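The values are calculated or read from the model by the stated rules, or taken from the named source; none is laboratory data. All values derive from a computational prediction rather than experimental measurement. Here Cβ is always computed from backbone atoms with ideal geometry, including for glycine, and neighbour counts include all displayed protein chains. These accessible areas exclude ligands, DNA and RNA; they are computed on the full protein's heavy atoms, side chains included. Shrake-Rupley method; radii C 1.70, N 1.55, O 1.52, S 1.80 Å.
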Amino acid sequence: MIGESGALKQVMASIGRAAPTNATVLIQGESGVGKELVARTIHRNSLRSRERFVQVNCAAIPEDLIESELFGHEKGSFTGATEKQVGKFEQADRGTIFLDEVGDMSAKTQAKVLRVLQEGEVERLGSARTIKVDVRVIAATNKNLEEEIAKGHFREDLYFRLAVIPISVPPLRARPEDIPTLVRHYIDFFSRENNAKPKKISSAALEAMQRYRWKGNIRELRNTVERLIIMTAGDTIEVADLPDVVRSTGGVTASKPASGSETAKAGTLREFKDDAERAYLVAKLRENGWNISKTAEVIDTPRSNLYKKLEQYQISQESDG
């Protein structure tokens, strides 16, 4: 994990405290921030590091197959079950299972995962026998599970079981000081991958990349640098070589203060106060990885009041993330 920003150091400190334990960990953050890397780092530094790390993408497996994938099935337990299958939880016995995109699990699957966490046992489809498993669970999601609970889409009891140690991974735009280091790392990496001479990058191009909001986070940055290594004709990457979207929107930052003309757009004092309060809440939510409870604690307001403000100002991670 590359970077020296305060936000990343906070994540690394949480990893350091979580890794030696057997506690379940819930990693939250936008797509592309490196949640899988956090999970693997926890496992690699845990007492289970010599055992298996089994990864399951809950969003990529069809709903009618995910229970079989997680818990296994006996031969003949359903149409197409021609052989016995050992589930992912059994495969991860004595090791770690990483449930990626856990917010996409169905209610039925959530109930069965909760049982594994509570009882430490699984039951294959088509079998009445329970099997004891010793598995550490690390889960990740790009959804706000507290909002999903409020909507009735996610079990609150499962959330509390998973979030014994919550780790919020900040978006790349919340740690722009790490971007130059990341860019240079990927320049070296992709130069080696493509048998190319390492390119230099101008300070102006680096500054533009720092100002860009990187909605796809590190994944988007990585892909952009790879493209620049291959497509830039000269030895130095200049602003003109950057993708149009990076050049055109690179001047917009979340922390940019309102100018006089922007302030003047608010026709009344009430409108100005509303605009300022909305901007403040969005900034704090971004700082805390859109974790409602943590943000409410930081700004010293009840969580219920924060939910009301989100509804009042129509704030959401999808539109304001």
- Query: Do the conditions hold for GLY32, that is, is it open to solvent by less than 20 Å² (accessible area, probe 1.4 Å) and not aliphatic (A, V, I, L, M)?
  - Reply: yes
- Exactly one condition in (1) within 30 Å of GLY72 (Cβ to Cβ); (2) more than 21 Å from the chain's Cα centre (by Cα); (3) at pLDDT 90 or above is not met by PHE190; state its number. (1)
- Going by the conditions given, is GLY152 free of Cβ contacts under 8 Å to residues at least 24 places away in the same chain and either of a type in the set (Asp, Glu) or out of contact with any Leu (no Cβ under 7 Å at 6 or more places or on another chain) (or both)? yes
- List the pairs whose first member sits in the stretch 98-117 and is at positive phi, whose second member is open to solvent by less than 20 Å² (accessible area, probe 1.4 Å) and hydroxyl-bearing (Ser, Thr, Tyr), and whose Cβ atoms are under 7 Å apart, counting only residues at least 6 apart or on separate chains? GLU101/THR141
- Please indicate, with yes or no, whether at least one residue in the stretch 49-59 is under 24 Å from ASP178 (Cα atoms) and either in a loop (DSSP other than H, G, I, E, B) or touching a Leu at 6+ places or on another chain (Cβ under 9 Å) (or both). no
- Near pairs, Cβ below 7 angstrom, 6+ apart or cross-chain, from the stretch 273-286 (closer than 17 Å to ARG173 by Cβ) to any residue that is at pLDDT 85 or above and exposed (fewer than 14 other Cβ atoms within 10 Å of the Cβ): LYS284/VAL298
- Query: Does the stretch 293-308 hold any residues that are open to solvent by less than 50 Å² (accessible area, probe 1.4 Å) and over 16 Å from VAL169 (Cβ atoms), and which are they?
  - Reply: SER293, ALA296, ILE299, THR301, LEU306
- Elements of type strands (runs of 3 or more DSSP E) contained in the stretch 63-149, each with 2 or more residues being modelled with pLDDT of 85 or more and open to solvent by less than 20 Å² (accessible area, probe 1.4 Å): 96-100, 136-141
- Would you check which residues across the stretch 157-183 are open to solvent by less than 50 Å² (accessible area, probe 1.4 Å), in a loop (DSSP other than H, G, I, E, B) and either of a type in the set (A, V, I, L, M) or farther than 30 Å from VAL113 by Cα (or both) and list them? ALA163, VAL169, ARG175
- Over the stretch 184-205, the set of residues in a loop (DSSP other than H, G, I, E, B) and open to solvent by 80 Å² or more (accessible area, probe 1.4 Å) is ASN195, LYS197
